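Here the structure comes first, spelled out in C-alpha cells, and everything after it is commentary.
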Amino acid sequence: MKSKPQKPWMKRAVNSAQKGIRRLDGGPFGAAIIRQGKAIAVTHNTVLKNQDATCHAEMNAIRIACRKLKRFDLSDCVIYSTTEPCPMCFSAIHWARIPRLIFGTKIQDVQKRGFHELSIPSKKMKSHGKSSVVITAGFMRKECLQLLRLWDCQPMKQVY
C-alpha cells in the first residue's frame with residue numbers, strides 16, 4: 001500500500017461528486033474504493049436523496065464494496081475521498097480495515113459552506129484511536145476545491 005496516489009482514481013470520485021451536485025441528491029462529495037488496480041465502488045453522497053444522515057460518500061462506497069466482495073474486511077483496498085472524512089466515515093474506514101485513505105479538501109473547507117461537520121481531523125482520529133490507516137491529505141486539492149465552488153453556485157443546494 002506504499003504506492004503513490006493515482007489521479008485517475010480521485011478523478012472517478014470527483015466525477016461521481018459532480019453527478020451528485022447536478023442531481024442535488026447529496027452534496028459535493030465523492031469517494032472511490034480501489035482494489036488491485038480496479039474500482040470496486042465509486043459513488044457520491046446521497047444524504048438528501050435517501051433522507052439518511054449516514055449516506056456520506058465514504059459510507060456508501062464501503063457498503064457497495066462490502067456487498068460486491070461479500071465481506072466486511074477491505075484490508076486490500078484503498079479509499080479516495082474528495083473531502084476529508086468526518087469522524088463517522090473515518091471510523092467506518094478504520095473498522096472496514098481499509099489501510100489507506102487519500103483525500104482532497106479538508107473538513108474546514110466544507111464547514112465554511114455551512115455543512116454541519118465536527119472539527120475532528122482524520123489525523124487526530126487516527127492518533128486518539130490508535131488507527132493504522134495511512135493518510136494522504138490534499139491530494140488533487142485544486143480539483144476537489146472546484147467541486148465545492150460548483151456547489152456554491154447551485155441555487156437549490158441544501159446543506160446539512
- What residue, among those in the range 63-95 that are in contact with an Asp or Glu (Cβ under 7 Å, 6 or more places away or on another chain) and of a type in the set (Gly, Ala, Ser), is nearest to GLN6 (Cα to Cα)? SER81
- Task: Say whether the condition of being out of contact with any helix residue (DSSP H, G or I) (no Cβ under 8 Å at 6 or more places or on another chain) and open to solvent by less than 20 Å² (accessible area, probe 1.4 Å) is met by at least one residue in the range 73-89.
- Result: no
- Looking at (1) among the hydrophobic types (A, V, I, L, M, F, W, C); (2) at negative phi; (3) at pLDDT 95 or above, can you tell me which one MET140 breaks? (2)
- Output for the range 90-100, where each listed residue is open to solvent by 40 Å² or more (accessible area, probe 1.4 Å) and in a loop (DSSP other than H, G, I, E, B): ARG97
- Message: Against the definition (part of a loop (DSSP other than H, G, I, E, B) and surrounded by 15 or more Cβ atoms within 10 Å (Cβ to Cβ)), how does GLU143 come out, yes or no?
- Response: no
- Query: Quick check, is ARG23 open to solvent by 10 Å² or more (accessible area, probe 1.4 Å), more than 17 Å from PHE103 (Cβ to Cβ) and in contact (Cβ under 8 Å) with a residue 40 or more places away in the chain?
  - Reply: no
- Task: Kindly establish whether LYS49 is farther than 17 Å from PRO85 by Cα and in contact with a Lys or Arg (Cβ under 9 Å, 6 or more places away or on another chain).
- Result: yes
- Task: Quick one: which residue in ALA65, ALA17, ALA32, ALA41 is open to solvent by less than 50 Å² (accessible area, probe 1.4 Å), touching a Gly at 6+ places or on another chain (Cβ under 6 Å) and among the hydrophobic types (A, V, I, L, M, F, W, C)?
- Result: ALA17
- So which of SER132, SER75, SER119 is at pLDDT below 95 and part of a loop (DSSP other than H, G, I, E, B)? SER119
- Within the set of pairs 6 or more residues apart or between chains, which connect a residue that is free of Cβ contacts under 8 Å to residues at least 12 places away in the same chain inside the range 105-133 to a residue that is surrounded by 11 or more Cβ atoms within 10 Å (Cβ to Cβ) with Cβ atoms less than 6 Å apart? GLN111/GLU117
- Within the group ILE64, ILE21, which residue is assigned to a helix (DSSP H, G or I), β-branched (Val, Ile, Thr), over 14 Å from the mean Cα position of the chain (by Cα) and within 23 Å of PHE139 (Cβ to Cβ)? ILE21
- Which condition breaks for PHE72 when tested against (1) at positive phi; (2) touching a Cys at 6+ places or on another chain (Cβ under 6 Å)? (1)
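The values are calculated or read from the model by the stated rules, or taken from the named source; none is laboratory data. In this text the structure is predicted, and so the values were computed from the model without any measurement. Positions of Cβ are generated from backbone atoms using ideal geometry, with glycine treated the same way; all protein chains shown enter the neighbour counts. Just the protein is used for accessible areas: all its heavy atoms, side chains included, with ligands, DNA and RNA removed. Shrake-Rupley method; radii C 1.70, N 1.55, O 1.52, S 1.80 Å.
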